[in-house]
1. Give me a count of the residues in the range 161-179 that are within 22 Å of Arg233 (Cα to Cα), surrounded by fewer than 22 Cβ atoms within 10 Å (Cβ to Cβ) and in contact (Cβ under 8 Å) with a residue 60 or more places away in the chain.
2. Among the numbered criteria (1) outside any loop (DSSP other than H, G, I, E, B); (2) surrounded by 19 or more Cβ atoms within 10 Å (Cβ to Cβ), which single criterion is violated by Cys243?
3. Could you please give the count of residues in the range 53-66 that are surrounded by 16 or more Cβ atoms within 10 Å (Cβ to Cβ) and either within 15 Å of Pro236 (Cβ to Cβ) or more than 23 Å from the chain's Cα centre (by Cα) (or both)?
4. Kindly evaluate Met139 against the criterion of being aliphatic (A, V, I, L, M), modelled with pLDDT under 95 and either touching a Ser or Thr at 6+ places or on another chain (Cβ under 8 Å) or surrounded by fewer than 22 Cβ atoms within 10 Å (Cβ to Cβ) (or both).
5. Which one is farthest from the chain's Cα centre (by Cα) among residues in the range 68-116 that are in a strand (DSSP E or B) and surrounded by fewer than 18 Cβ atoms within 10 Å (Cβ to Cβ)?
6. I'm trying to understand the selection: among the residues of the range 161-179, which are in contact with a helix residue (DSSP H, G or I) (Cβ under 6 Å, 6 or more places away or on another chain) and within 23 Å of Pro256 (Cα to Cα)?
7. Report, by residue number, each residue of the range 155-208 that is under 26 Å from Lys134 (Cβ atoms) and among the hydroxyl-bearing types (Ser, Thr, Tyr).
8. Consider Val187 carefully, then state whether it is of a type in the set (A, V, I, L, M, F, W, C) and in contact with a helix residue (DSSP H, G or I) (Cβ under 6 Å, 6 or more places away or on another chain).
Amino acid sequence: MSETPGAATGVTRRTVLKGAGATLGAAAFAVAAAPLAKLREELTFEEFVQKHYQEMTAEELARVIERLEADAKREYGAEVTIRDHRPLSGVKFGYAISLSRCNGNGACVEACHRENNHDRASNQSYIRVLELPKGTTNMDEGRVLYDHPVPAPDKYYMPVQCLQCDEPPCVDVCPVEATWKERDGIVVIDYDWCIGCRYCEAACPYHARRFNWKKPEIPAAEVNPFQSYLSNRIRPQGVVEKCHFCLHRTREGKIPACMEACPTGARVFGNLLDPDSEIRWILANKRVFVLKEELGTKPCLFYFFDA
């Protein structure tokens with residue numbers, strides 16, 4: 001697992017918030033953190049002094065997880081199990097999506113919505129399926145909202161989610177190091193360390209991150225009880241979140257929920273370090289491209305055409 005530069009044993013959220021204010025400048029930090037002022041006042045002492053994920057001992061993390069499981073029972077009426085899934089050795093995850101096969105049906109969006117315990121009222125998901133005119137790969141020309149039958153004439157469909165970049169600008173701008181890239185290629189977020197400044201959201205050129213403006217609303221019967229600390233546990237209000245390649249599934253040898261739900265077989269997921277994997281075959285034999293290659297972010301999510 002990657003190291004978090006500058007993290008020090010004994011550092012708490014109080015000292016990080018103070019340091020972030022100095023780093024950003026008082027005025028800029030006040031504006032960035034304004035939505036969280038009331039939330040931070042409501043933090044319990046245990047939450048306020050909690051260490052960064054990478055600094056916690058196994059015993060400390062176990063106590064935090066126990067508290068989070070109790071919170072889920074109290075606030076949502078759901079019995080959940082939260083695990084700590086660590087990166088697998090010899091693995092770097094990659095994703096490839098066939099734009100020839102995707103027909104805009106949205107099954108991946110719905111699967112992500114349910115798998116990752118998103119707010120039901122706002123129908124959130126980590127995936128957007130852009131409808132684009134044929135002849136362009138410019139995602140800025142895509143439409144997210146369309147109410148006509150799909151696929152539409154002269155259109156094609158491009159699902160967009162976190163691209164798990166090798167050079168992630170979102171990581172570089174985080175003033176409190178709440179987000180980092182792990183050795184299996186997944187960019188993760190410590191939701192309990194995030195201060196909600198949204199600098200990472202602004203830095204992402206793919207609009208893959210979003211801010212949790214409200215406490216998620218999820219009926220108890222719809223809560224996915226199989227959760228992980230860095231992935232699909234119910235996120236608190238006031239933090240940024242994004243796709244994590246369903247690490248609670250993929251680090252157990254399963255495929256992401258969006259791939260499992262795709263009815264057209266448009267999605268290919270696998271280990272980029274395995275020369276015999278299907279994704280490596282795709283990269284070697286198909287017309288592959290990445291979004292906004294000129295930015296140098298080096299995404300680990302690729303697009304290809306079958307023909």
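The values are calculated or read from the model by the stated rules, or taken from the named source; none is laboratory data. Since this is a predicted model, take the numbers as computed values, not measurements. We place every Cβ from the backbone using ideal geometry, glycine too, and count neighbours over all the protein chains shown.
1. Within the range 161-179, residues that are within 22 Å of Arg233 (Cα to Cα), surrounded by fewer than 22 Cβ atoms within 10 Å (Cβ to Cβ) and in contact (Cβ under 8 Å) with a residue 60 or more places away in the chain number 1.
2. (1)
3. Count: 3.
4. Details: aliphatic (A, V, I, L, M): yes; modelled with pLDDT under 95: yes; either touching a Ser or Thr at 6+ places or on another chain (Cβ under 8 Å) or surrounded by fewer than 22 Cβ atoms within 10 Å (Cβ to Cβ) (or both): yes.
Taking the combined requirement at face value, the residue satisfies it.
5. At the first step, the residues of the range 68-116 found to be in a strand (DSSP E or B) are 81-83, 93-98.
Next, from what is left, pick out any that are surrounded by fewer than 18 Cβ atoms within 10 Å (Cβ to Cβ): 81, 83.
Details: Thr81: 20, Arg83: 17 Å.
Filtering first and then ranking leaves Thr81.
6. Restricting attention to the range 161-179, the residues satisfying the condition of being in contact with a helix residue (DSSP H, G or I) (Cβ under 6 Å, 6 or more places away or on another chain) are 169-170, 173-176, 179.
Once the filter is applied, which keeps residues that are in contact with a helix residue (DSSP H, G or I) (Cβ under 6 Å, 6 or more places away or on another chain) and within 23 Å of Pro256 (Cα to Cα), the range 161-179 yields Cys170, Thr179.
7. Listed by number, the residues that qualify are Tyr156, Tyr157, Tyr206.
8. Numbers: of a type in the set (A, V, I, L, M, F, W, C): yes; in contact with a helix residue (DSSP H, G or I) (Cβ under 6 Å, 6 or more places away or on another chain): no.
In short, no.
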